[in-house]
Structure formats: C-alpha cells, structure tokens
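Below you'll find the structure, written out as structure tokens, and then a few comments.
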Amino acid sequence: MMDILRWLPGACGSLGPALIPPAHIAVLWYFWQNYSRYVDKRFCSCSCWDTVFKGTYESGIASYKHMYFNATQNTMKMWLLIVVGVISLYECTKYLTQLLLQGRVRYTMIVLFLLSIFSHYYAWWAYLNYYNDEYYNQWNHQLFFTITELISTSFVLHLASVDNVVTSRKTLAIVGIAILHILASGVDQFISNVFRGEGYPHQVVRDLGFMIPDVMHLVLPLWLLRQTRKESFSTRPFYRDRNLRRDVVLMFFTVAVLFTICSFL
C-alpha cells in the first residue's frame, strides 16, 4: 500500500500534461473538422523551414513532416514556455494529490484549482501562438489576466492545505480577482457572445469556460470564510469587525484600480 501511495502523486501529476493537449486538439477537431484542409503527404512541401534540426539529412524545400520548427529565438521561447507549463502543472497536481492522501486538504480549493486549469491552459496556448505567429497585439491584455490568475491560483494552492490559516485577506484576494475577471469578461465578450447569441459555438464554450470558474472563485472562498468565522468563537459580526470591513474596502478599491488599468490594455 505504501508503494502505491509513493508513486501515485507523481502519476497523477503526469496525467494533466499527458492528456490535456490531446483533448484540446480533439475539441478543436470537433469544431473545425468541416473546415480543415486535406494534406496529401506525397506532394506537399514546406519552404518556410530552415531544416537546421535535420542537419545534413535534409536541406532545401522539405517534404512532409508531422512537425516543423525553425532554429530561432521565438522557438527557444516557445520551448521554455512548454517546459515551464508542463513542470508547473505536474508539481501543482502532485502537491494537491499528496495533501489529499495525507488528509490535509481543503476540497473547496481542489475544486477551484481544477476549474482554473482551463484559463491557465488557454493563456499558455495563446502565448505559444503569439510567439509562433509573431502577433503581439493582445499580449498586454492577456498578460494582465495571466498575472491576476497566477496570483489567485497561488492563494488557492496555499489555502488548499489545512495547515494554512484561512484569513479574510487571503480569501478576498481570490474573490477580488474573480470579480475583476467577471467584470472584464462581461464588458469584453461574454455578454455579446453568450447572452446576445452573437458568438460562434466555440466562442460560447470558451467564454463559459472562463465565466463559470470565475463565479466559483467568487462563491467558494466566501463560503469558506463564512464557515471559518462561524467556527471561531472570537469572531465579531461584520458591522463590528473593523479589520474585515477594511479588507473588503481594500478589495473593492483594488478591483476598481485594476479594472481601470485593464480597460486601457
């Protein structure tokens, strides 16, 4: 039994990097199969490939390959981004699995982490495409969401362990970022694509994939804070708790400032 528990966290950590990208391509194929191009392997060629990684085995206009890559700085950046993404997902999943096996986990935080995978993966894939296409018009906008998502997930991972104390500042940090994302997404695309029906099916699925986790990041931390305060005999009512009121005001002020910054990106 101990041998199983020893390798289980590593095995669970490997599932995400191994399964999510194929699942992503399968979803893309489902939406775009009627528009994809047929590739004739016998007659197709690629003249945009520098053939460096093939060395002396192939040069000039290359024949069909399942994967091409050029020896450029952007290729190096893409590779580093892939490595960071895979290792990060592996380590986070391994960490949560260890907490789960040790009985030291808050299940609400596991739910939030699982829900956040889509937004992190979307950002990771977007950066790969920015580098690959050398298209940077949306870079700052995406970077803003990535930074705030990483901050939120850091607090989620921290609160996932029951050894770490639940405080209003920690939970409101998650809640504030969720409110920010809900407001920004609503103004940006969600209302038009989902409620007005102006988006394509894949855009509706994407926007729901963002909005549902954000709503859960708003609700579950507040529920956790409420439960924690109910279990504490020294808890004061909201109208008498100056520290909690100060944290709430600080949260809304920070959301307002960040939303203003986001509107200019």
### Summary
Counting only protein heavy atoms with a 1.4 Å probe and every protein chain in place, the carbon and sulfur fraction of the accessible surface of segment 106-264 in whole percent equals 64
### Query
Highest GNM mean-square fluctuation, the chain, Cα pairs closer than 10 Å: which of I25, I87, I191?
I25
### Message
Take the chain, mark every one of the trypsin sites (Lys or Arg not before Pro) that falls in a DSSP loop and has at most 11 other Cβ within 10 Å, then report the longest stretch left between them, sites excluded.
### Response
43-195
### Query
For the chain, modelled as a Gaussian network with Cα springs under 10 Å, which listed residue fluctuates most, H217, H66, H120?
H66
### Task
Could you work out the relative contact order of segment 155-265, using alpha carbon pairs under 8 angstrom and six or more residues apart, expressed as a whole percent?
37
### Message
For a test of understanding, tell me how many lysine pairs in the chain have Cα atoms under 24 Å apart, given they are 8 or more places apart or on different chains.
### Response
7
#### Entry: Solvent-accessible surface ranking, highest first, for S45, S88, S119 at 1.4 angstrom
S45, S88, S119
### Where labels lie 7 Å past Cα in the beta-carbon direction, separation of T228 and V52 in nm
4.9
### Task
Skip the ligands, DNA and RNA, and give the accessible area per residue of the chain with a 1.4 Å probe, whole Å².
65
### Task
For the chain, just list the percent of Cα-Cα distances falling in each 5 Å bin from zero outward, please.
1, 5, 9, 12, 15, 15, 13, 10, 8, 5, 3, 2, 1, 1, 0, 0
### Residues with amide H under 5 Å from that of V105, placed H, sequence gap 5 or more
V162
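Students sometimes get this wrong: rank E91, E134, E58 by accessible area, probe 1.4 Å, all chains present, largest first.
Numbers: E91 90, E134 130, E58 35 Å².
Largest accessible area first, the residues go E134, E91, E58.
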### Summary
Taking the alpha-carbon centre of each part, the distance from segment 77-107 to segment 136-211 in Å is 19
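Given a 1.4 Å probe and heavy atoms of the protein chains only, how would you sort H24, H158, largest accessible area at the top?
Solvent-accessible surface, decreasing: H158, H24.
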### Message
Counting only helical runs of four or more DSSP H residues, what would the 222 nm mean residue ellipticity of the chain come to if each run contributes -39,500 (n - 2.57) and the total is spread over all its residues?
### Response
-24000 deg cm²/dmol
### Top of N132, N70, N193 by mean-square fluctuation, Gaussian network on the chain, Cα under 10 Å
N70
### Task
Express the Stokes-Einstein translational diffusion coefficient of segment 1-136 in µm² s⁻¹, to the nearest whole number, given a Kirkwood radius over alpha-carbon pairs, 20 °C and a viscosity of 1.002 mPa s.
118
### Summary
Mean separation of Cα contacts under 8 Å (at least 6 apart) over the residue count of segment 1-89, i.e. the relative contact order in percent, is 24
### For the chain: relative contact order, % (alpha-carbon pairs under 8 angstrom, 6 or more apart)
18
## Note on the structure
Using a 1.4 Å probe on heavy atoms of the protein chains only, the accessible area for C12 in Å², nearest 10, reads 40
### Query
How much FRET efficiency would the formula 1/(1 + (r/R0)^6) give for Y30 and N137, where r is the Cβ-Cβ distance and R0 is 22 Å, rounded to 0.05?
0.20
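The values are calculated or read from the model by the stated rules, or taken from the named source; none is laboratory data. All figures in this text were calculated on a predicted structure; none of them were measured in a lab. Cβ sites come from the backbone with ideal geometry, for glycine too, and all protein chains shown count toward neighbours. Quick note on the areas: whole protein, heavy atoms, side chains included, nothing else; ligands and nucleic acids left out. Shrake-Rupley method; radii C 1.70, N 1.55, O 1.52, S 1.80 Å.
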